[in-house]
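Let me begin by presenting the structure, written as structure tokens, before commenting on it.
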Amino acid sequence: MGLGSHSGVRRVREALEERGFEARVVELERTARSAVEAADALGVRVQQIVKSLVFRGRETGRPVLVLAGGANRVDEGKISDLFSEPVEMADAAYVREKTGFSIGGVPPVGHAEQSTTFIDQDLLSEEEVWAAAGHTHAVFGLRPAELVKIAGGRVVAVK
């Protein structure tokens, strides 16, 4: 497939390198648009997949990134409380505008606009997790502590 030159994958690699992290991007033959698809393609448990979910503050329109475990359903009420503003799931156009990536390929870093970031505490119980690398067919693996470091988010209960 040759995704190494894809602009989204390049942006992710650059953002990771800026943070002192050298990721090995894995190109998948099958799409990884969902946590289940990504887990199947990698041969890992769905709990090891990092879902990058983008929410929008209803009052301010500010972006909120939630890095959730693949098996977890995020409680919007909890995120609203943590963000101190009601939030709603963002649509595809908003996600593209604020992150620079399409839904299904949104990585934890390299976004067009800085967002408030929350990281699912359940991810910290895994030895290795996998996140999108800027394309629906590209992912990278890392330890949960590395995810916290590179994403710069607050670890919270999201469900």
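The values are calculated or read from the model by the stated rules, or taken from the named source; none is laboratory data. Remember, it's a predicted structure, so these values are computed and weren't measured experimentally. Methodologically, a virtual Cβ is constructed for each residue, glycine included, from the backbone with ideal geometry; neighbour enumeration extends over all protein chains shown.
Here are the numbers:
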| item | result |
| --- | --- |
| All positions within the range 111-137 that are modelled with pLDDT of 95 or more, over 24 Å from S84 (Cα atoms), surrounded by 22 or more Cβ atoms within 10 Å (Cβ to Cβ) and not aliphatic (A, V, I, L, M) | W130 |
| The range 105-128: number of residues that are farther than 16 Å from R19 by Cβ and either under 10 Å from the mean Cα position of the chain (by Cα) or outside any loop (DSSP other than H, G, I, E, B) (or both) | 10 |
| Tabulated pairs, the range 36-63, first at negative phi and modelled with pLDDT of 95 or more, second of a type in the set (D, E, K, R) and buried (at least 21 other Cβ atoms within 10 Å of the Cβ), C-beta under 6 angstrom, 6+ apart or interchain | P63/K98 |
| In the range 65-109, the residues that are under 15 Å from A133 (Cβ atoms) and not polar (S, T, N, Q) | L67, G100, F101, I103, G104, G105, V106, P107, P108, V109 |
| Number of positions in the range 65-75 that are surrounded by fewer than 23 Cβ atoms within 10 Å (Cβ to Cβ) and out of contact with any Phe, Trp or Tyr (no Cβ under 9 Å at 6 or more places or on another chain) | 4 |
| First in the range 20-32 and in contact (Cβ under 8 Å) with a residue 40 or more places away in the chain, second anywhere and part of a strand (DSSP E or B), Cβ under 6 Å, 6 or more apart | A23/F140; V25/A133; V25/A138; V25/F140; V26/V139; E27/A138; A32/V139 |
| Of the criteria (1) surrounded by fewer than 24 Cβ atoms within 10 Å (Cβ to Cβ); (2) β-branched (V, I, T); (3) out of contact with any Leu (no Cβ under 8 Å at 6 or more places or on another chain), which one V158 fails | (1) |
| Criterion: surrounded by fewer than 18 Cβ atoms within 10 Å (Cβ to Cβ), touching a helix residue (DSSP H, G or I) at 6+ places or on another chain (Cβ under 7 Å) and either farther than 21 Å from G134 by Cα or of a type in the set (D, E, K, R) (or both) - qualifying residue of R62, R45, R33 | R45 |
| S102 at pLDDT 95 or above, under 13 Å from the mean Cα position of the chain (by Cα) and not in a helix (DSSP H, G or I) | no |
| Residue within the range 3-19 that is surrounded by 19 or more Cβ atoms within 10 Å (Cβ to Cβ) and of a type in the set (V, I, T) present | yes |
